[in-house]
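Only one structure is covered here, and it is reproduced in the block below.
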């Protein structure tokens, strides 16, 4: 018998990312409205016979919208999703753009859960495997930053910005011929560089207009907070932690939180700095239009050059290719 619930602890999922494995089963709910009240009807349980029900729906081609799981099952869902992504990425008949869009969607959803819904660090850890899949997808394809721009979200949210910076960092690593492990670490650090913002009030982060000096001081705390979060998880390389701590340091000085300069700043953090600023300027916000890639790089090169490692910025401009 179907059961209904009105609890708010449900998360929307994409059934396409489920796989035929019976590992990590969980209940799936269908969202309905009854007399103006939203209810969640149990569509399938974790029982084997209900697993077949989900498989039949996946094979039917019917719309897969409005399906939800309980918050406590998010980690299981993302385990399914990463397995599905590996199958997609390994399929030579699927285009790079479609593969990249699928990985981008899962990456975006993971970061959204962390930033907006206070998902557990266990869910955040699934970003490790997603970035590994993305690295595999990009290593075998001669894709430039122009290709990345076609799949990234153009509206600024903390979670989409995080994934965009991760993709730019990863692509830069591929372009300069970093080893596989370094590329993956660089991309992961880019995606996690702003995790400290999860500790900052949304009313400040999403404020339309200029921040007060006091609010800006609060926002600046996201860098050391991010480093602390990643350090306490005890599973990330120091370079990933440095990217969270140091991505607002400036090459010639005057940055925060430490005010370090030049090569005192981690190499990976110097890369992240370039990608962070570029994505922030080329995405739309409620109070400003997005700048074009050409205008952004002109601004970074002529008016902000003191903030960046010159070689990294010059290489980035060179690798931009047809996007300009």
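For the condition part of a helix (DSSP H, G or I), crowded, with 23+ Cβ neighbours inside 10 Å and out of contact with any strand residue (DSSP E or B) (no Cβ under 8 Å at 6 or more places or on another chain), residue 174 does not qualify.
Among the residues making up the stretch 270-309, none is closer than 19 Å to residue 169 by Cα and out of contact with any helix residue (DSSP H, G or I) (no Cβ under 9 Å at 6 or more places or on another chain). Among the numbered conditions (1) within 25 Å of residue 155 (Cα to Cα); (2) in a loop (DSSP other than H, G, I, E, B), the only one that residue 258 does not meet is (1). Being surrounded by 16 or more Cβ atoms within 10 Å (Cβ to Cβ), in the same structural domain as residue 209 (by TED's automatic domain parsing) and within 26 Å of residue 184 (Cα to Cα) holds for only one residue in 314, 276, and it is 276. Among the residues of the stretch 303-324, write down those that are farther than 28 Å from residue 237 by Cβ, modelled with pLDDT under 95 and in a helix (DSSP H, G or I). Once the filter is applied, which keeps residues that are farther than 28 Å from residue 237 by Cβ, modelled with pLDDT under 95 and in a helix (DSSP H, G or I), the stretch 303-324 yields 321, 322, 323.
One line per residue, one yes/no per condition, for (1) closer than 14 Å to residue 16 by Cα; (2) at pLDDT below 90; (3) in contact with a helix residue (DSSP H, G or I) (Cβ under 8 Å, 6 or more places away or on another chain):
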residue	(1), (2), (3)
39	no, yes, no
47	no, yes, no
58	yes, yes, yes
77	yes, no, yes
86	yes, no, yes
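Taken over the stretch 89-107, residues that are crowded, with 18+ Cβ neighbours inside 10 Å and either over 28 Å from residue 117 (Cα atoms) or in contact with a strand residue (DSSP E or B) (Cβ under 6 Å, 6 or more places away or on another chain) (or both) amount to 1. Just to be sure I understand, how many residues within the stretch 271-300 are within 19 Å of the chain's Cα centre (by Cα) and within 26 Å of residue 204 (Cα to Cα)? Residues that pass the stated criteria total 14. Scanning the stretch 1-24 for residues that are part of a loop (DSSP other than H, G, I, E, B) and either out of contact with any strand residue (DSSP E or B) (no Cβ under 9 Å at 6 or more places or on another chain) or modelled with pLDDT under 70 (or both) yields 1, 2, 3, 6, 7, 8, 19, 20, 21, 22, 23, 24. Mind checking whether some residue in the stretch 143-155 is touching a strand residue (DSSP E or B) at 6+ places or on another chain (Cβ under 8 Å) and either closer than 21 Å to residue 289 by Cβ or at pLDDT 90 or above (or both)? Yes: one or more hits. The single condition from (1) over 17 Å from residue 129 (Cα atoms); (2) modelled with pLDDT under 95 that residue 196 fails is (2).
The values are calculated or read from the model by the stated rules, or taken from the named source; none is laboratory data. Predicted, not measured: the structure shown is a model, and the values here were computed from it. So basically every Cβ, Gly included, is an ideal-geometry build from the backbone, and we count neighbours across all protein chains shown.
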